[in-house]
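Some notes on the structure that comes next.
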Amino acid sequence: MHSFAKSAALSALLLSAGVESFAVRPSAGAAFSASSTTATRQLSASTAPLARTSPSSSTVRLYQSTGNDDTDTEIERLKAMAAKLRSDAAELEAEKAQALADAAEKAFRQFDTNQDGEISLAELKEGLEKGLKIELSDNRVKELMEVFDASGDGALQLDEFVTIDRFRNQLDALAREEKRLALEAADNAKREKEAAQIQEAKMGLLNEGPPTPKDKVVSLLPYLFPLMDGLAYGRFLLQGADASNPVVDVIAILYTIYRSIPFSGFVAFFALNILSSVGGINRLVRYNMQQAIFLDIALFFPGLIGGVISAIGGDVIPTGVSEIGTDAIFVSLLAVLGYCSVSSLLGITPDKIPLISQSVTDRMPTIDNFDDELRYIPPSEREAEEEGKKEGDKKDDSK
């Protein structure tokens with residue numbers, strides 16, 4: 001009886017190991033389990049603690065060892081497959097390269113009609129026209145030669161020669177590049193044409209051309225305005241002038257007409273100011289209109305200064321000094337008007353008068369003052385806009 005119990009316990013121990021092994025090898029575990037079902041039921045209470053200890057740990061270690069061996073085997077198999085694939089790819093590349101080399105050498109022999117070992121421009125053109133069934137220009141063949149002629153000797157050697165397909169692809173690339181350049185040239189021509197049209201429209205807004213003889217004569221008329229207002233400074237000189245002098249007579253008639261018009265000074269001022277903004281009038285005429293206004297304004301200051309001195313000091317200024325001063329102002333005015341008249345008759349803008357001419361130039365509108373939509377932008381606003389753009393560019397650069 002004791003021996004039977006010992007045998008039963010040993011059988012239960014083996015049964016527990018078989019059950020654990022069933023998770024790894026289902027077929028063996030199932031067979032062993034089927035033959036020991038009865039003994040397990042009889043001795044389950046006495047053998048359960050023993051079955052839950054050491055056989056389970058050894059079985060796990062056995063499973064892990066078997067799994068690691070299988071993983072290593074799989075890695076080695078994949079490495080071997082990758083090496084074989086690389087070897088096959090290298091063989092295919094070598095075969096392809098050899099096929100291309102053979103095709104290039106065959107084509108080279110066909111192109112090299114004189115068998116001198118190199119392909120000239122004429123031979124390249126003839127061979128390509130036969131192979132591609134197209135007609136090529138000398139310039140296009142020269143471009144191909146420059147692409148593939150690595151040595152730069154103007155001919156293709158065997159190591160520089162490529163297949164017909166490579167030549168065809170390069171010709172296509174050159175054609176695409178030529179088309180792209182043609183489109184760019186067309187776009188540039190279109191933009192230049194539009195810019196020329198805008199420039200022409202701007203020129204229509206402002207008459208910046210050379211003055212005609214009529215413009216030269218008309219440009220003298222605005223200076224009658226400061227001359228009439230400046231005659232008051234020449235009263236001493238004109239009183240002593242010969243009455244038979246025709247120049248004095250003409251000036252007297254003009255002065256009489258000028259003074260007969262109510263508010264003649266204001267009328268002349270606003271008329272010249274308005275007409276000087278008409279872009280269709282020649283620039284020389286418009287410039288002289290503006291300069292005549294500035295000269296007339298300048299004549300106001302000597303009278304103002306003289307009036308202030310007289311009001312402060314009474315009659316402290318001797319008559320002789322006052323006469324010399326007024327004569328000097330009138331002579332200076334005549335000199336300035338003479339310079340402006342001669343320069344205008346020569347078609348040259350009289351822009352050399354100190355202080356005044358620069359102010360007039362700054363006020364004169366130019367073509368650059370108009371944008372592409374033909375809107376007039378004053379110089380001050382344009383400068384502010386340019387400054388804003390510069391500040392924006394600086395901020396972008398700092399970012």
Discussion item. Name the residue from 117, 98, 173 whose Cα lies farthest towards the positive end of the charge dipole of segment 96-201, charges +1 on Cβ of Lys and Arg and -1 on Cβ of Asp and Glu.
Written reply: 173
Discussion item. Given points 7 Å out from each Cα along the Cα-Cβ axis, report the residue 260 to residue 319 separation in nanometres with one decimal.
Written reply: 3.3 nm
Worksheet item: Given 130/179; 96/130; 202/389; 125/179; 96/179; 214/352, which pairs have Cα atoms separated by over 27 Å?
Response: 96/179
Practice prompt. Give, in whole angstrom and from largest to smallest, the semi-axes √(5λ) of the equivalent ellipsoid of segment 212-364, with λ running over the eigenvalues of the Cα gyration tensor.
Written response: 28, 19, 15
Discussion item. Run the numbers for residue 248 and residue 311: contour at 0.36 nm per residue of separation, minus the present Cα-Cα distance, in nm.
Written reply: 19.4 nm
Item to complete: Just report the Cα centroid separation between segment 165-212 and segment 333-373, whole Å.
Response: 37 Å
Worksheet entry | Cα→Cβ-extended label distance, 7 Å offset, between residue 387 and residue 236, nm | 4.8 nm
Worksheet entry | Cα coordinate range in segment 96-201, projected on the principal axes (Å, largest first) | 66, 28, 27
Fill in: Candidate aspartates and glutamates - alpha carbon under 16 Å from residue 133, same-chain residues fewer than 8 apart omitted
123, 165, 172
Response to the item:
So, over other residues within a Cβ distance under 13 Å of residue 366, counting Lys, Arg +1 and Asp, Glu -1, the net charge is +1
Response to the item:
Label model pair residue 380, residue 341: point-to-point distance (7 angstrom along the Cα→beta-carbon line) in nm is 3.6 nm
Worksheet item: Around residue 343, what is the net charge, scoring Lys/Arg as +1 and Asp/Glu as -1 over all other residues with Cβ under 13 Å from its Cβ?
Response: +1
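Bear in mind that the values in this text are calculations on the coordinates, not laboratory data. Source: prediction; values computed, not measured. Note that each Cβ is placed from the backbone with ideal geometry, even for glycine, and that neighbours are counted across all protein chains shown.
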